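What follows is a single structure, written as structure tokens, with notes after it.
The values are calculated or read from the model by the stated rules, or taken from the named source; none is laboratory data. Keep in mind that what you see is a predicted model, and the values were worked out from it rather than measured. Here the Cβ positions follow ideal geometry from the backbone for every residue, glycine too, while neighbour counts run over all protein chains shown. Each accessible area value is taken on the protein alone, full model and side chains, heavy atoms only, with ligands, DNA and RNA left out. Shrake-Rupley method; radii C 1.70, N 1.55, O 1.52, S 1.80 Å.
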Amino acid sequence: MEDRSYGQVLVRGFVQAIPWAIVFSVAWVFTLNITMSMFRQEVKEAIEYATKTGVRQSIHAVLTDQEFDEDLWPKIKQNTKEAIEYTVTMAARKQAAASQAQSKK
């Protein structure tokens with residue numbers, strides 16, 4: 001039997017472990033890739049379901065809420081009416097200013 005130093009034994013063991021590390025790494029990456037491809041479609045469907053359900057529940061909660069009907073809905077209608085009136089007024093002013101500028105030329 002040969003007498004080897006502790007360093008030589010460690011180096012030999014490390015060199016023998018490298019191929020096994022490569023084999024296990026490739027197997028792990030392959031397994032991870034297969035697992036992720038299986039879950040990718042399920043995750044996509046879960047996200048779509050959650051968004052659809054969340055929107056439906058939010059709409060249902062808003063439409064069936066008594067406080068919304070009594071307090072917020074009239075305010076929303078009033079603000080929308082005022083926004084439309086403001087937009088029409090500003091558009092008329094811009095149009096008048098543009099036509100006035102053209103008439104001066």
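A few comments on the model shown:
- Cross-link partners for K44 among the lysines, with Cα-Cα distance under 19 Å and sequence neighbours closer than 8 places in the same chain left out: K52.
- In this Cβ point-charge picture (+1 for Lys and Arg, -1 for Asp and Glu), the chain has a dipole of about 880 debye about its Cα centre.
- Average accessible surface for the chain: 95 Å² per residue, computed with a 1.4 Å probe over protein heavy atoms with every protein chain in place.
- Apolar share of the accessible surface for the chain: 64 percent from carbon plus sulfur atoms, 1.4 Å probe.
- Degrees between helix 73-104 axis and first principal axis of the chain (Cα, 0 to 90, nearest 10): 70
- Overall form of the range 29-89 per C-alpha gyration tensor (a/c, 1.5; a/b vs b/c): oblate
- Label assignment, P(r) over Cα pairs in 5 Å bins from 0, in percent derived from the structure, set (1) 2, 9, 6, 7, 6, 6, 6, 6, 6, 6, 6, 5, 5, 4, 4, 4, 4, 3, 2, 1, 1, 0, 0; (2) 2, 10, 12, 14, 13, 11, 10, 10, 8, 5, 2, 1, 0; (3) 2, 11, 20, 22, 18, 12, 7, 4, 2, 1, 0, 0: (1)
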